[in-house]
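Peer 1: This structure is in C-alpha cells; I'll ask about it shortly.
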Amino acid sequence: MKWTSVILVAFISTSVSAQEVKELPRTNRFADFTATIGASQQTLAASYVYNWRVGTKRKFELGLGIRNTAYFGVKKDFWTAPADVARGSSVPFIVVVSEQKTENWDTLTVQRPFTNSLNLSANFGYHISGKFYAGFNIDLIGFTIGRTSSAVFTSNGTTRTEPEAKPVPFNLLLTGDLDLGSLNSEFFLYYHLNKSWSVKGVYQFMFVEYKTTNVKQTVPKDVDRFRNKANNGGIGVAYHF
C-alpha cells in the first residue's frame with residue numbers, strides 16, 4: 001500500500017508538471033517602444049518581435065523581429081570605421097578583441113546627425129520568473145535614411161569642412177568593426193505588469209555611420225566611412241499579443 005501511494009503521488013506530480021509545460025505558450029509575440037539617452041545623443045525605437053519558446057520548460061526564447069531606430073545627436077564625433085584601418089585584426093569575431101589602432105583614426109564631427117534605420121533583428125530571451133524576462137537583441141541587416149549635415153573633418157591636427165556628410169545607407173552585421181551602417185543592440189530586462197503589458201530597462205550599444213562626400217582620409221588608405229559608437233541607457237514599454 002505504501003509503495004502504491006508513492007507511485008500515485010509521483011504520477012500525479014509528473015502529470016501536473018507536464019500539464020503546466022503544455023499550457024505555456026509556444027511563442028511570444030510583442031511590440032515595444034524604447035527611448036534611450038546618452039552623451040548629447042538619443043534614440044527612439046519601435047519593434048515587432050516573434051519569438052519561439054524552447055526547452056523542456058519553455059523558459060528560453062529565440063526569434064526574429066523588425067525594428068525602426070531613430071538616432072539624434074549634436075556635434076558628435078565619428079571615427080574611422082573600416083576594421084582593416086581601425087583595428088589590429090579584421091578577422092571576423094577576432095576583430096572584437098583586437099587592439100584599436102587609434103593612430104590610424106581620423107575624426108568627422110557631424111554637427112546635427114540624424115538617422116532612421118529599419119533592420120531585421122535577432123532576439124534571445126530567458127524567463128527568469130513569471131514576472132521577469134531578460135535577454136539580448138541585435139540588428140542584422142537593413143537600410144538607413146537620414147539628414148545630410150555639415151561636418152568638420154580632422155586629420156593629423158588639420159581641419160577641413162565637409163558640407164555634405166551623409167548616413168551610410170546599407171546596414172549589415174559582420175561582427176565588431178567589420179559591421180556596416182547603423183545597427184542597434186540591447187541588453188534588456190522586462191517586468192510584466194499583467195498578461196498584456198510590460199515595462200523594460202535597457203542598456204543599448206549602437207553603431208551609427210556617416211560618410212563624407214568632398215573630403216576623405218588618405219592615410220594609411222582612402223577612407224570615407226566614419227562611425228560613432230553610442231552607449232546609452234533607457235526605458236521602454238511592450239504590448240504582448
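The values are calculated or read from the model by the stated rules, or taken from the named source; none is laboratory data. Predicted, not measured: the structure shown is a model, and the values here were computed from it. Reconstructed Cβ throughout: ideal geometry from the backbone, glycine too, with neighbour counts over all protein chains shown. Surface accessibility is based on the protein's heavy atoms, side chains included, excluding ligands, DNA and RNA. Shrake-Rupley method; radii C 1.70, N 1.55, O 1.52, S 1.80 Å.
Peer 1: With (1) surrounded by fewer than 14 Cβ atoms within 10 Å (Cβ to Cβ); (2) free of Cβ contacts under 8 Å to residues at least 60 places away in the same chain as the list, and PHE93 as the residue in question, which single condition is left unmet?
Peer 2: Here PHE93 clears every test but (2).
Peer 1: Is it true that THR159 is in contact (Cβ under 8 Å) with a residue 40 or more places away in the chain and under 23 Å from THR213 (Cβ atoms)?
Peer 2: When the stated conditions are applied, THR159 does not pass them.
Peer 1: Looking only at residues that are open to solvent by 50 Å² or more (accessible area, probe 1.4 Å) and in contact with an Asp or Glu (Cβ under 9 Å, 6 or more places away or on another chain) in the stretch 107-134, which one is nearest to THR218 (Cα to Cα)?
Peer 2: LEU120
Peer 1: Still on this model: What single numbered condition from (1) more than 30 Å from PHE30 (Cβ to Cβ); (2) open to solvent by 60 Å² or more (accessible area, probe 1.4 Å) fails to hold for PRO169?
Peer 2: Condition not satisfied by PRO169: (1).
Peer 1: How many residues does the stretch 24-67 hold that are open to solvent by 40 Å² or more (accessible area, probe 1.4 Å) and either in contact (Cβ under 8 Å) with a residue 12 or more places away in the chain or within 15 Å of PHE136 (Cβ to Cβ) (or both)?
Peer 2: Looking only at that region, the number is 22.
Peer 1: Take the stretch 175-201 and flag every residue that is outside any strand (DSSP E or B) and either among the acidic types (Asp, Glu) or surrounded by 15 or more Cβ atoms within 10 Å (Cβ to Cβ) (or both).
Peer 2: Residues satisfying the conditions are GLY176, ASP177, LEU178, ASP179, GLY181, SER182.
Peer 1: So, one more: How many residues does the stretch 115-153 contain that are in a strand (DSSP E or B) and under 25 Å from PRO167 (Cα atoms)?
Peer 2: Looking only at that region, the number is 23.
Peer 1: Taking the stretch 88-108 as the search range and keeping residues that are touching a strand residue (DSSP E or B) at 6+ places or on another chain (Cβ under 8 Å) and not polar (S, T, N, Q), which one is nearest to LYS211 (Cα to Cα)?
Peer 2: LEU108
Peer 1: May I pose another question? For the stretch 135-157, name all the residues that are open to solvent by 50 Å² or more (accessible area, probe 1.4 Å), at pLDDT 95 or above and over 13 Å from the mean Cα position of the chain (by Cα).
Peer 2: Hits for the stretch 135-157 are PHE143, ILE145, ARG147, THR148, SER150, VAL152.
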